[in-house]
1. Can you give the charge dipole size of the chain about its Cα centre, rounded to the nearest 20 debye, using +1 on the beta carbon of Lys and Arg and -1 on the beta carbon of Asp and Glu?
2. Report the calculated FRET efficiency for residue 309 and residue 131 (r = Cβ-Cβ distance, R0 = 60 Å), to the nearest 0.05.
3. Can you pull out the trypsin sites (Lys or Arg not before Pro) in the stretch 1-32 that DSSP calls coil and that have at most 13 other Cβ atoms within 10 Å?
4. Mind jotting down the distance between the C-alpha centroids of the stretch 148-220 and the stretch 38-61, whole Å?
5. How far is it, in nm, from the label point at residue 385 to the one at residue 347 when both lie 7 Å from their Cα along the line to the Cβ?
6. Of 80/347; 80/276; 275/389, which sit over 29 Å apart, Cα to Cα?
7. Under the definition of Cα pairs under 8 Å and six or more residues apart, what whole-number percent is the relative contact order of the stretch 1-160?
8. Could you work out the relative contact order of the chain, using alpha carbon pairs under 8 angstrom and six or more residues apart, expressed as a whole percent?
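The values are calculated or read from the model by the stated rules, or taken from the named source; none is laboratory data. No experiment lies behind these values; they were computed from the predicted model shown. No Cβ is skipped: glycine too gets one built from the backbone with ideal geometry, and neighbour counts run over all protein chains shown. Quick note on the areas: whole protein, heavy atoms, side chains included, nothing else; ligands and nucleic acids left out. Shrake-Rupley method; radii C 1.70, N 1.55, O 1.52, S 1.80 Å.
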Amino acid sequence: MTTTYDPKHPAYFDEADMREELLRVYDLCHGCRLCFNLCPSFPTLFRFVDDREGAVHELSVAEQDQVVDECFQCKICYVKCPYIPPHEWLLDFPRLMLRAAAVKKKRAPVKVRITDNALGRTDLVGTIGSLTSGLANRVTRTPGTGVRRLMEKVTGISAERVLPPFARQRFSTWFKKRPRTTFERRQGDVTLFQTCIVEYQQPAVGQDLVKVYERNGVECHLAEGVGCCGAPFLHAGDFDSFEKVAERNVRVLADHVRAGRDIVVPQPTCGYVLKKDYFDHLGDGDDTQLVKAHTFDAAEYLIRLHKAEGTELDTTFDGDVPETITYHVPCHLQAQNIGLKSRDLMKLTGAKINLVNRCSGIDGTWGYRAEHYDEQQAVIRPLVADIEKHAGDVVAGDCHLANTAIDESTGRTPLHPLQVVARAYGIPAEPA
């Protein structure tokens, strides 16, 4: 048995070795059970173990794999687990699940490989979707149609899932055409890693981010040559594709850091990947170290600016400030261990913030797969109940995929925290 989370380790893809490690970790989790109310993996694991009166080593391969399949990489284990490295037990459940997924990937059926590719090639899909947005959105926007059921058979993406629509104009196109800002007082210089969500589907988030940053004296740039962070490949266990994406992005972004800029990311999953996963998979080279040290969540950067010596945020909010905001705390933002910076930022407007700390069950691409649809619907029910209980004037959340699921389940369309701040400043939204 080898306890390793390094894909380059010679035993990493040895299935027998991996399964011994799975059973070691399952036994530790069974003995602790702090994670009983997190993702579906843990209730399933504990039920299987209880059925065998605690005999973890009697779990079948199918049962072991079901626990792996139900892990959607929310990373909340890192917040709850007392045994994560550097503890002597070296229990890193999410990365062990990635190891198991990578081993399974090598024997995955054709349909699974097609789904992985459909979900992984976000830049290709986004480019085509934006170019044909009118037709693409008409064809895909209604769940349960014949077209969507055909899509599910071909790609594995659930026919019942509401899909984020494609934007007619990509964010980068808007960015290059926008009027340039002259700064009376420059307080920062950043490169936006806009993410595929903002680039192809939700450019309004990027537009409001730029306007809020520029209002506060922060010059914004885009990095030519970067693409999707690679999370869909990573979470599917396709490390080769993920590492190719990571190497390209790190090389480009490191040059921007050397030019004196920080990197700002408006989506939590992508920020986590840049800060954590690139380092884990590419090692601690100079470029990776630079990207890790200089990458910030969008709200994290602004709060840092507000609290630093010699810089401050504009706190004159003479626009639309809601009395109460129900704020969904994304899992991948919690896992970054930076605190609730989006909450802190929105509090500056004078609004009362009510927190909803429940998972949406989307987490990258897991919730979009047909085989996980029913499980995702079960995961999101407590989140929906909390949103309805708080009944805030505005619902906000950093993760657009989670926001889409919230919209689908509640009929309320959440705003990104930077959009809340933009409206509070009186900055109007760009025409759709």
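1. Numbers: 53 positive and 59 negative charges, 255 e Å.
Taking the Cα centre of the chain as origin, the dipole is about 1220 debye.
2. Details: r = 47 Å, r/R0 = 0.79.
After rounding, the FRET efficiency stands at 0.80.
3. Passing both the DSSP loop test and the Cβ count: 8.
4. What the calculation gives is 42 Å, centre to centre.
5. 2.7
6. Violating the 29 Å Cα-Cα cut-off are 275/389.
7. The value is 17 percent.
8. Numbers: 696 pairs, mean separation 63.9, N = 432.
15 percent.
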